[in-house]
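Participant: One structure, pasted below without further comment.
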Amino acid sequence: MWNGKRVCVTAVLLLGCLAGMPGARGQSQPEPSVAEAARKAREQKKAAAKPSAVITNDTLKPATPATVQNATAATESMPGATTTAAPATDAAANAASAAEPTKESAEEKLAAKKAKIEALKLQIADKAKEADLQQRTLALANESYYSRPDFSKDPDGKAKLDAMQSDLAQKKDELAQLKAKLKDLAPDADQKPAAPQQ
C-alpha cells in the first residue's frame, strides 16, 4: 500500500514538473496521461533497484596466455594503440562477459554441494540405524547364548556371536568413514544425521 502511494506521489510530482515547464506547454504533443507517467516512474524505479555487478577477484577468471597474446595482437594491429592498455581492456571484457556465468556456476556448485551434504547426512542416518539395530540384536543374542547353562558346549552359537560382532564393527567403521567424509566436505556442518525421509 505504501508503494502505491509513493508511485502516485511520484506521478503527481512528475506531472507538475512537466506542466510547469514553459517549453513543454508550447509543444504540440499532448500531455502524458497519469497512467503513462506512473508507468514511466515504475520503470525508472525498477532500473534504479537493480544492483550493479560487483567485480571481485573471485568473479574474474585468470587470464590465460592465449587470451593475453590475442589481446596484445589485436591492440598492436590498431593504429596508435599501446600494449599497456590490452591487459586492462581484456580483464574488463572478461569480467563483463564472465560475471554472470561465474555467479550462476558458483550458485550451481553451492547447490550441488548442499545436495551432496544432505545425501551424506541421510546415508549417515541410515548407517547409524543399521549399527544400532545390529548392536541391539547382538545384545539379545549374547544374552540368549550366555543364559543357557551349557553355552560352552555350543561352538556354532559362539561362531554366530563372533560373526555378528564383526558385522557390527564393520558397520561402525563404515559409519565413521561417512562421518569423516561429511567433515571433509563441510567442516562446519553438524555431525547429527539428517532425519530420514519416509
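The values are calculated or read from the model by the stated rules, or taken from the named source; none is laboratory data. Just so it is clear, the model here is predicted, and its values are computed rather than measured. Glycine also receives a Cβ, built like all others from the backbone with ideal geometry; neighbour counts cover every protein chain displayed. Surface accessibility is based on the protein's heavy atoms, side chains included, excluding ligands, DNA and RNA. Shrake-Rupley method; radii C 1.70, N 1.55, O 1.52, S 1.80 Å.
Participant: Being touching a Leu at 6+ places or on another chain (Cβ under 7 Å) and open to solvent by 80 Å² or more (accessible area, probe 1.4 Å) is the filter; apply it to the stretch 146-187 and report the residue that is modelled with the highest pLDDT.
Facilitator: Of all residues in the stretch 146-187, those touching a Leu at 6+ places or on another chain (Cβ under 7 Å) come to 164-165, 168, 178, 181-182, 185.
From the residues that got through so far, the ones that are open to solvent by 80 Å² or more (accessible area, probe 1.4 Å) too are 165, 181.
Numbers: Q165: 93, K181: 89.
Ranking the qualifying residues of the stretch 146-187, first place goes to Q165.
Participant: Restricting the stretch 26-47 to residues that are assigned to a helix (DSSP H, G or I) and either in contact with a strand residue (DSSP E or B) (Cβ under 6 Å, 6 or more places away or on another chain) or exposed (fewer than 10 other Cβ atoms within 10 Å of the Cβ) (or both), which is modelled with the lowest pLDDT? Quick ask: steps written out before the conclusion?
Facilitator: To start, the set of residues in the stretch 26-47 that are assigned to a helix (DSSP H, G or I) comprises 26, 34-47.
Now narrow it down to the ones that are either in contact with a strand residue (DSSP E or B) (Cβ under 6 Å, 6 or more places away or on another chain) or exposed (fewer than 10 other Cβ atoms within 10 Å of the Cβ) (or both): 26, 35, 46-47.
Details: G26: 49, A35: 86, K46: 77, A47: 74.
Within the stretch 26-47, the match that is modelled with the lowest pLDDT is G26.
Participant: Further question on the same structure: Is there any pair with a first residue in the stretch 120-141 that is within 14 Å of A180 (Cα to Cα) and open to solvent by 30 Å² or more (accessible area, probe 1.4 Å) and a second that is basic (K, R) and in a helix (DSSP H, G or I) whose Cβ atoms are under 7 Å apart and which are 6 or more apart or on different chains, and what are they?
Facilitator: Note: pairs meeting the criteria are K127/K171.
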